[in-house]
Amino acid sequence: MSGKKNGKRLWVGLDVGGTKMLACVYDDDFRCLGRRKKKTRDEAGPSDPLSRMATVIREALDEAGAPPSALAGVGIGLAGMLDLDKGILIEAPNLGWKKLKVVEGLRKRLKAPVVIANDVDAGTYGEYRFGAARKSRCVLGVFPGTGIGGACVYDGKLIRGKTGSAMEIGHLPVDPDGVLCGCGKRGCLETVASRLAIAGQAAQAAVRGEAPCLLKLGGTDLTKIRSGLLAESIRGGDRVIEQLVRRAAHWLGYGIAGAVHLLAPDTILLGGGLAEEFPRLYVEEVEGAVRDRGLATFTAGLRFTVAALGAEAVAMGAAAMAAEEA
């Protein structure tokens, strides 16, 4: 029977990241039956992104012992600008993809319904349904990484614009005279609170001799100064790196405080590599900044937590969104 295995429907969530894709197969109770990873781009040369996505989904179904005909729906979390009405990835700058007809292309390849979502939307929804933000009335998810992604689930529904995602918290202006952001504007939250901002300052500290452990581990190459390396540097005694991470987390809380006054959330969910590597530090700094800048009426019952689903959050949330729309 189409869309079923042993009488149960199967759902696939696909997380398409800058370097890897993760496909997970779930039953109606959202137990994971199979998962497969694949590099997002073929190192051997150019490849069709949609064919690559379809391949990793089929491989995950194989691992679950299910034929493609058992697939009831697919949800895909993508980093980039989306047109949700048309099912198109408008642009993914980190991958060089433009005007990719994701829904139409994968529906034809997989013979199943397909929905797309921003990756942070999917990850926050996954944590709301199955993870650290369960039972929240309003959860604001903030994921600092190379940039800073945001999402909000309010009364069980993602807040979105007419055709695309909302909650671009990384581009809230916090310093009108600040440095230029990748978006072309000055002083966005990303310029002071993203991992890339921390990496730039950390590299300078290493050059000045203030972070000898970091210099030994990764030099001053920004592409190597990722969350795990920052954590290792701090464990190695580079106190200046801890100060930089704390300052960035405090800036993040400063930006979140503005969103708290607009949304009145009961849960702030922190995700991404930085929050996962420094859970106590991030909760401490973000919560301190929010309570310092926020009105007590909005912050009194506010809960701060770190994402619990790890690498599977986006895939799980995307699969749940596909099931919701079925």
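Within segment 88-98, is there a residue that is of a type in the set (Lys, Arg) and at pLDDT below 95? Yes, because at least one residue in segment 88-98 is of a type in the set (Lys, Arg) and at pLDDT below 95. Checked against the criterion of being touching a helix residue (DSSP H, G or I) at 6+ places or on another chain (Cβ under 9 Å) and touching a residue at least 40 places away in the same chain (Cβ under 8 Å), the candidates 285, 277 yield just one match: 277. Checking each residue in segment 303-326 for being over 17 Å from the mean Cα position of the chain (by Cα), assigned to a helix (DSSP H, G or I) and crowded, with 17+ Cβ neighbours inside 10 Å picks out 322, 323. Criterion first (more than 22 Å from the chain's Cα centre (by Cα) and not basic (Lys, Arg)) does residue 300 satisfy it? Yes, satisfied.
Look at (1) crowded, with 17+ Cβ neighbours inside 10 Å; (2) among the small types (Gly, Ala, Ser); (3) under 19 Å from the mean Cα position of the chain (by Cα) and you find that residue 161 fails only one, number (1). Looking at 236, 218, 255, just one residue is assigned by TED's automatic domain parsing to the domain that holds residue 192 and out of contact with any Leu (no Cβ under 7 Å at 6 or more places or on another chain), and that residue is 236.
Condition first: in a loop (DSSP other than H, G, I, E, B) and within 23 Å of residue 24 (Cα to Cα). Now tell me which residues in segment 265-302 satisfy that. Of everything in segment 265-302, just one residue is in a loop (DSSP other than H, G, I, E, B) and within 23 Å of residue 24 (Cα to Cα), namely 271.
Among the residues of segment 233-244, those identified as part of a helix (DSSP H, G or I), of a type outside the set (Asp, Glu) and touching a helix residue (DSSP H, G or I) at 6+ places or on another chain (Cβ under 6 Å) are 233, 234, 240, 241, 244. Every residue in segment 64-117 that is assigned to a strand (DSSP E or B) and more than 28 Å from residue 272 (Cβ to Cβ), please. Scanning segment 64-117 gives 71, 72. Here 289, 326 are screened, and the one residue that is touching a strand residue (DSSP E or B) at 6+ places or on another chain (Cβ under 7 Å) and more than 18 Å from residue 133 (Cα to Cα) is 326.
Looking only at residues of segment 212-232 that are without any contact (Cβ under 8 Å) to a residue 40 or more places away in the chain and in contact with a Lys or Arg (Cβ under 9 Å, 6 or more places away or on another chain), we find that the one that is farthest from residue 273 (Cα to Cα) is 213. Among residues of segment 212-246 being touching a Gly at 6+ places or on another chain (Cβ under 9 Å) and small (Gly, Ala, Ser), the one that is surrounded by the fewest Cβ atoms within 10 Å (Cβ to Cβ) is 228. Can you find, within segment 126-153, the residue that is farthest from residue 309 (Cα to Cα) among those that are modelled with pLDDT of 95 or more and hydroxyl-bearing (Ser, Thr, Tyr)? Going through the qualifying residues, I end up with 136.
The values are calculated or read from the model by the stated rules, or taken from the named source; none is laboratory data. These numbers come from a predicted model, not from an experiment. Cβ atoms come from the backbone with ideal geometry, glycine included; neighbour counts cover every protein chain shown.
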